[in-house]
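Undergrad: Can you keep this structure in mind? I'll have questions shortly.
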Amino acid sequence: MNLLEERLRMVIGADGPLPLDRYMTLALTDPESGYYARLQDIGGSGDFVTAPEISQMFGELLGLWMADMWRRAGLPEDLILVEAGPGRGTLMADALRAMRRAAPSLADDHEIWLVETSESLKTIQKERLEGFDVHWAASVEDLPERPMILIANEFLDALPVRQLVRRGDGLVERAVGLHDDSLAIVEIEPQGDVPAGLPPMTEGEVIEIGPARAAAVRAIAAQIASQGGAALLIDYGHEMTVPGDTLQAMKGHAFHPLLEAPGEADITAHVDFAAVARAADAGGLSVHGPIGQRQFLLRLGIEARLAQLLKNADRETGAGLTAGFRRLTDPTHMGHLFKVLCISRTDIGVPTGYVTEEAFGTRA
Ligand code: SAH
């Protein structure tokens, strides 16, 4: 049994079962034993792989997207570039490299803010982004009050969710308790607000709600509404609020039992983009999408970028680039499951990569 499991048993013994969102928070971000606190690698020898680790084209295109959005926002001088949950810093490094060619003053004269809780990842990010004016914040609420262009890839899926289950006429909450001296899922009275307007559920069906996700999105939206700018949120998930248990743990690129060896596996849950859009529903903002990652990257010109890179690539590098392109865009890989949602201030107009009809709702 690892140290975190010993501590969890003590907490459960003293206070009773832990709702899943609290379990997820401790397993992921506990400063000593949390998964991210100790994380060193993503892709390769790590437990999971992400789009920027698959191909440099992902970050490059997002760098050009940020430059374009900065222009559309009227080139604000005090604008900050933000990435939430930057992992190894690969996405921002690729983005800044592309930006230096397309909009050098944006890359070099603006502060870069990374929202990160993990000390081990901050060390890696610092090395990766040497030469840029990089700052860190522990949460999106702690960012300086300035116009911003924010990007986040697989950040929301790491923020904790609660799970409610339909039992008879009511709902109960899934929590981590002890059964036969092992950690086990138990059902308890709901431990917090139950949101209104949940979809109909049959007996035993699970619905996931993410108060921490909604709070993060509200903070991002409030800052954009008051200061200007835009945010691009990329994650895997669904367009509507639907029942389903999507909580999963990954270790060594394979599924891992959720309650086994807490802190040693990554834990995520699909993102409910309808809930994200509702949380972003503040005055003066528009929400576009979500659209599939395939469509978004094609619109940003990933095919042209691939062709350009292939011109100077040897055969092996070329095969890697083509394979990366396929994984990012193929509907059976990341092209459909991964979705891209944009929150922007209405003065920007339709954000780069979207069309008018994709507005989730435009509010005056
Ligand atoms: N965007 C990166 C990494 C995704 S992993 C990529 O695409 O490769 C999730 C990232 O979010 C990690 O950097 C992790 O440390 C960070 N993170 C997780 N929970 C967080 C929280 N509550 N607050 C801030 N950052 C968090």
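Undergrad: Could you check how many residues of segment 12-34 are crowded, with 16+ Cβ neighbours inside 10 Å and either under 26 Å from Leu156 (Cβ atoms) or in contact with a Lys or Arg (Cβ under 6 Å, 6 or more places away or on another chain) (or both)?
TA: 16
Undergrad: Would you please list the contacts, defined by Cβ atoms under 7 Å and residues six or more apart or on different chains, that run from a residue in segment 61-80 that is within 19 Å of Leu285 (Cα to Cα) to a residue that is open to solvent by 10 Å² or more (accessible area, probe 1.4 Å) and in a helix (DSSP H, G or I)?
TA: As it stands, the answer is Met69/Ile348; Arg72/Ile348; Ala73/Ile348; Leu79/Trp70, since those pairs meet every condition given.
Undergrad: While we're looking at this one, here's another question. Out of all the residues in segment 159-171, which are within 16 Å of the ligand (Cβ to nearest atom) and open to solvent by 10 Å² or more (accessible area, probe 1.4 Å)?
TA: Hits for segment 159-171 are Leu159, Pro160, Arg162.
Undergrad: Only one of Trp70, Trp65 is open to solvent by 10 Å² or more (accessible area, probe 1.4 Å), within 21 Å of Leu298 (Cα to Cα) and more than 12 Å from the ligand (Cβ to nearest atom); which?
TA: Only one candidate passes the filter, namely Trp70.
Undergrad: Sort out which residues of segment 35-60 are within 30 Å of Pro190 (Cβ to Cβ) and surrounded by fewer than 18 Cβ atoms within 10 Å (Cβ to Cβ), and write them in order of number.
TA: Matches in segment 35-60: Ala37 only.
Undergrad: Here's something else I'd like to know. List the pairs whose first member sits in segment 246-258 and is in a loop (DSSP other than H, G, I, E, B), whose second member is modelled with pLDDT under 95 and open to solvent by less than 50 Å² (accessible area, probe 1.4 Å), and whose Cβ atoms are under 6 Å apart, counting only residues at least 6 apart or on separate chains?
TA: Pairs found: Gly252/Asp47.
Undergrad: Out of Ala249, Ala254, I need the residue that is open to solvent by 30 Å² or more (accessible area, probe 1.4 Å) and not basic (Lys, Arg). Which one?
TA: Ala254
Undergrad: Another question, then. Go through (1) touching a Cys at 6+ places or on another chain (Cβ under 7 Å); (2) at negative phi and name the single condition Ile343 misses.
TA: (1)
Undergrad: How many residues does segment 277-317 contain that are among the polar types (S, T, N, Q) and open to solvent by less than 30 Å² (accessible area, probe 1.4 Å)? Walk me through how you get there before you give the answer.
TA: Of the residues in segment 277-317, the ones among the polar types (S, T, N, Q) are 286, 293, 295, 308, 312, 317.
Now restrict to residues that are open to solvent by less than 30 Å² (accessible area, probe 1.4 Å): 286, 293.
Going through segment 277-317 one residue at a time, the tally reaches 2.
Undergrad: Out of everything in segment 94-123 that is more than 17 Å from the chain's Cα centre (by Cα) and among the hydroxyl-bearing types (Ser, Thr, Tyr), what residue ends up being least open to solvent (accessible area, probe 1.4 Å)?
TA: Ser120
Undergrad: Which number in (1) in contact with an Asp or Glu (Cβ under 9 Å, 6 or more places away or on another chain); (2) within 11 Å of the ligand (Cβ to nearest atom); (3) outside any loop (DSSP other than H, G, I, E, B) marks the one condition that Glu60 misses?
TA: Every listed condition holds for Glu60 apart from (2).
Undergrad: Out of (1) surrounded by fewer than 14 Cβ atoms within 10 Å (Cβ to Cβ); (2) among the charged types (D, E, K, R); (3) away from the ligand (no atom under 12 Å from the Cβ), the odd one out for Arg174 is which?
TA: (1)
Undergrad: Can you give me the number of residues within segment 318-360 that are open to solvent by 50 Å² or more (accessible area, probe 1.4 Å) and among the acidic types (Asp, Glu)?
TA: So the count comes out to 2.
Undergrad: Moving on to the next point. Check every one of the strands (runs of 3 or more DSSP E) wholly within segment 86-165 and list those with 2 or more residues that are β-branched (Val, Ile, Thr).
TA: Qualifying strands (runs of 3 or more DSSP E): 112-115, 148-153.
Undergrad: Please indicate, with yes or no, whether at least one residue in segment 223-238 is polar (S, T, N, Q), in contact with a Pro (Cβ under 7 Å, 6 or more places away or on another chain) and modelled with pLDDT of 95 or more.
TA: Yes, segment 223-238 contains at least one residue that is polar (S, T, N, Q), in contact with a Pro (Cβ under 7 Å, 6 or more places away or on another chain) and modelled with pLDDT of 95 or more.
Undergrad: So which of Leu91, Leu129, Leu156, Leu75 is surrounded by fewer than 22 Cβ atoms within 10 Å (Cβ to Cβ) and either under 29 Å from Ala275 (Cβ atoms) or within 15 Å of the ligand (Cβ to nearest atom) (or both)?
TA: Going through Leu91, Leu129, Leu156, Leu75 in turn, just one is surrounded by fewer than 22 Cβ atoms within 10 Å (Cβ to Cβ) and either under 29 Å from Ala275 (Cβ atoms) or within 15 Å of the ligand (Cβ to nearest atom) (or both): Leu129.
Undergrad: Quick one: is Gly16 more than 22 Å from Gly335 (Cβ to Cβ) and within 12 Å of the ligand (Cβ to nearest atom)?
TA: No.
Undergrad: OK, next. Exactly one of these conditions fails for Gly192: (1) over 26 Å from Arg22 (Cα atoms); (2) within 24 Å of the chain's Cα centre (by Cα); (3) open to solvent by 20 Å² or more (accessible area, probe 1.4 Å). Give me its number.
TA: (1)
Undergrad: Still on this model: Taking segment 31-57 as the search range and keeping residues that are within 9 Å of the ligand (Cβ to nearest atom) and outside any helix (DSSP H, G or I), which one is nearest to the chain's Cα centre (by Cα)? Show your work before the answer.
TA: Initially, segment 31-57 is screened for residues within 9 Å of the ligand (Cβ to nearest atom), giving 34-37, 39, 42-43, 48-53.
Filter again for outside any helix (DSSP H, G or I), leaving 34, 39, 42-43, 48-50.
Numbers: Gly34: 18, Leu39: 16, Ile42: 14, Gly43: 16, Phe48: 14, Val49: 13, Thr50: 11 Å.
By that ranking, first place goes to Thr50.
The values are calculated or read from the model by the stated rules, or taken from the named source; none is laboratory data. These numbers were taken from a predicted model, which means no experiment stands behind them. Here the Cβ is made from the backbone with ideal geometry for all residues, glycine too, and neighbour counts use every protein chain on show. We work out accessible area using only protein heavy atoms, side chains counted, and drop any ligands, DNA or RNA first. Shrake-Rupley method; radii C 1.70, N 1.55, O 1.52, S 1.80 Å.
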